[in-house]
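S.K.: Could you have a look at this structure, given as structure tokens, before my questions?
Read-outs throughout are calculated quantities, based only on the coordinates presented, and are distinct from any laboratory measurement. Remember, it's a predicted structure, so these values are computed and weren't measured experimentally. All Cβ positions, glycine included, derive from the backbone under ideal geometry; neighbour counts span all protein chains shown.
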Amino acid sequence: MMQRKNLLYHQIALVLLFFFSLTPLLSRALAPTLQADSEKGTADDGLVSVYRIVEPTGATEVLPASYVKSFSRWTLDDGGTLIPLRSSSSHEEGECDADLESTITKIIVRPTLNVILRPGAIPAYVAVGLLVVGDHNNHLAQQWTSFQGTSHAQFRVELFWGGANGSDQRVGVVPPGTVRKALEQFGVALATTTHEKLQDGFHIVSVPLQMQDMSAERPTKDATWFTCLALTTQEAVQVLQMDPAQVQTLALSKLQVEAAKVLV
């Protein structure tokens, strides 16, 4: 049995390390037909009733937030080890306490790429996230896309702050090469982990990303929203200017979180 599991992990690692082109392995039985209502806000504050998944084909599915909250949460530490976190179901909605010593001028936000694993430890979806240094909560995107999109040569992550009105300022970019290296590290960690419970059920693994700063200014309380995007061929600025209903048809991941939740 252990030999079979090691073989499975090894196969996953090979795919992640070289091509990131896993065949979509989506469980449609777990995605009931629901209509999203208010999706503005963070994924953990109770304002999001469903998580939207948009495939490269344009097909859209939704998962109820109550179901996603049951997924076990993990993080990839700086040493490349998968660390289990407290269960998402124990998370207090709206809880977001930043480091008490942080200030408006010193606040540091770090984008993450969250890989959703289906049973068998198979990467199925990706969702962009936002982590505040000193804050142990990782804000999860409302809109996800298929993991196979990470194989695209232009797959990247971009972070903006502003009024979420199309004139937002770019805070930084995680270029494709950096994203690819982070996913390679994730692949190695998944292949060598001794946590057998990753084989069972659904899990969310947060992979921290190193961002290249694009703005000399730091976000302030005037920045109503942070917007984080994981996308391929789309121009991020154009996406910010689109009607939300149009964005929901694109194969990308989008997170919008109120600045007040991360700025102290």
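S.K.: Please list 3J(HN,Hα) in residue order for the range 115-124, calculated via the Karplus relation 6.51 cos²θ - 1.76 cosθ + 1.60 where θ = phi - 60°; whole Hz, with x for glycine and proline.
M.R.: My calculation for the range 115-124 gives 9, 8, 9, 8, x, x, 6, 9, x, 10 Hz in order.
S.K.: To continue, here is another question. Give the distance, in whole Å, between the Cα centre of the range 140-159 and the Cα centre of the range 165-181.
M.R.: Cα centres, the range 140-159 to the range 165-181: 11 Å.
S.K.: If you don't mind, another one. What are the ³J(HN,Hα) values, in whole Hz, obtained from phi via the Karplus relation 6.51 cos²θ - 1.76 cosθ + 1.60 with θ = phi - 60°, for each residue of the range 224-233 in sequence order, with x given for Gly and Pro?
M.R.: Listing the rounded values in order: 5, 9, 9, 10, 10, 10, 10, 8, 10, 7 Hz.
S.K.: Going by amide H atoms built from the backbone, whose H comes under 5 Å of the H on residue 171, apart from near neighbours?
M.R.: Result for residue 171 returns 159, 160, 161.
S.K.: Could I ask something else about it? Which of the peptides 237-244, 182-189, 112-119 is most tightly packed, and how do the rest follow, judged by the mean count of other Cβ atoms within 10 Å per residue?
M.R.: Packing proxy ranking, top to bottom: 112-119, 182-189, 237-244.
S.K.: With θ taken as phi - 60° and the coefficients 6.51, -1.76 and 1.60, list the Karplus ³J(HN,Hα) couplings across the range 140-150 in order, rounded to whole Hz; mark glycine and proline as x.
M.R.: Going residue by residue, I get 9, 4, 6, 10, 10, 9, 5, 4, 4, x, 5 Hz, with x marking Gly and Pro.
S.K.: Using 0.36 nm per residue of separation minus the Cα-Cα distance, give me the extension gain between residue 212 and residue 108 in nm, one decimal.
M.R.: 36.2 nm
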